[in-house]
Amino acid sequence: MVWVYTIDECNFDSAHAMRDGIREADEIHVEWNRENEHTLVGCGMAFGDFKPIRLANRSFVPKIEGKDFNNVMLTLDDMARGGERRNRPEIDEDLTFFLICSVREADKALKKYLDDYVDRAQIFGNKVHYPARHTNQDDPIGYNICSQNLNAILRSSEIHQHYAPISTGSKFDVGMSFVNCKRLYVINRDDVRGREFYPSIVRSMALSYPETL
């Protein structure tokens with residue numbers, strides 16, 4: 001018997017209940033909607049826990065030219081239907097932190113701010129994975145980018161985030177971090193506002209985190 005956990009817009013589980021459901025499931029079924037933050041974070045959890053992911057609404061998910069989460073999810077659905085398993089690697093935590101942040105959406109001012117943040121951290125001896133520098137962005141679909149980021153998250157002792165609610169990739173990265181119980185330091189914590197699912201999970205991950213840099 002296969003235990004299935006379903007992620008869709010009618011799933012109102014808390015973040016912790018969703019994480020528990022995903023961990024206990026054999027595979028994940030998703031009513032995919034790239035605009036829904038609940039779905040994005042949940043799929044990040046499922047991807048981060050190396051679970052097979054099937055699209056319940058595949059016929060309504062268009063393939064989009066270039067890097068896009070639609071293409072990532074279609075690839076994962078193909079893998080699940082073909083019986084291809086993703087295995088969790090054995091990885092040592094040899095990085096100080098992974099930085100969750102906007103990459104494609106970052107303007108010149110934000111990019112300079114993040115560059116300076118990472119440079120300052122490295123001056124103090126921190127080993128950092130900064131996706132704009134250290135993740136190979138030459139990926140026609142986006143699947144390899146997600147895989148590289150997950151590998152770096154698993155290698156990191158903790159996660160730092162520049163919170164940007166418009167960043168779809170950040171929501172997926174938060175899901176991957178949350179399912180792997182990484183503690184989170186939010187650089188711009190005053191910008192985390194609202195009671196929706198995404199800001200709520202970010203606040204819960206960042207509770208009582210000491211100031212670092």
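The values are calculated or read from the model by the stated rules, or taken from the named source; none is laboratory data. Since this is a predicted model, take the numbers as computed values, not measurements. All Cβ positions, even for glycine, are placed from backbone atoms using ideal geometry, and neighbour counts span all protein chains on display.
Kindly check whether there is at least one residue in region 29-44 that is under 17 Å from the mean Cα position of the chain (by Cα), in a helix (DSSP H, G or I) and among the acidic types (Asp, Glu).
Yes, region 29-44 contains at least one residue that is under 17 Å from the mean Cα position of the chain (by Cα), in a helix (DSSP H, G or I) and among the acidic types (Asp, Glu).
Which one of the conditions (1) surrounded by fewer than 19 Cβ atoms within 10 Å (Cβ to Cβ); (2) assigned to a loop (DSSP other than H, G, I, E, B) does Met79 fail to meet, given that it meets all the rest?
Looking at each condition in turn, Met79 falls short on (2).
Considering Val2, Val103, which residue is exposed (fewer than 14 other Cβ atoms within 10 Å of the Cβ) and β-branched (Val, Ile, Thr)?
Val2
Quick check: is even one residue across region 48-61 outside any loop (DSSP other than H, G, I, E, B) and modelled with pLDDT under 95?
no
What residue, of Pro199, Pro131, is outside the structural domain of Ile28 (by TED's automatic domain parsing) and surrounded by 20 or more Cβ atoms within 10 Å (Cβ to Cβ)?
Just one listed residue meets the conditions, Pro131.
Taking Thr96 as meeting all but one of (1) among the hydroxyl-bearing types (Ser, Thr, Tyr); (2) touching a Lys or Arg at 6+ places or on another chain (Cβ under 6 Å); (3) in a helix (DSSP H, G or I), write down the number of the exception.
(3)
Just to check your reading of the model, which residue among Pro140, Pro165, Pro131 is more than 17 Å from the chain's Cα centre (by Cα) and not hydrophobic (A, V, I, L, M, F, W, C)?
Residue meeting the stated conditions: Pro140.
Yes or no: region 106-113 includes at least one residue that is in contact (Cβ under 8 Å) with a residue 60 or more places away in the chain and assigned to a loop (DSSP other than H, G, I, E, B).
Scanning region 106-113 turns up no residue that is in contact (Cβ under 8 Å) with a residue 60 or more places away in the chain and assigned to a loop (DSSP other than H, G, I, E, B).
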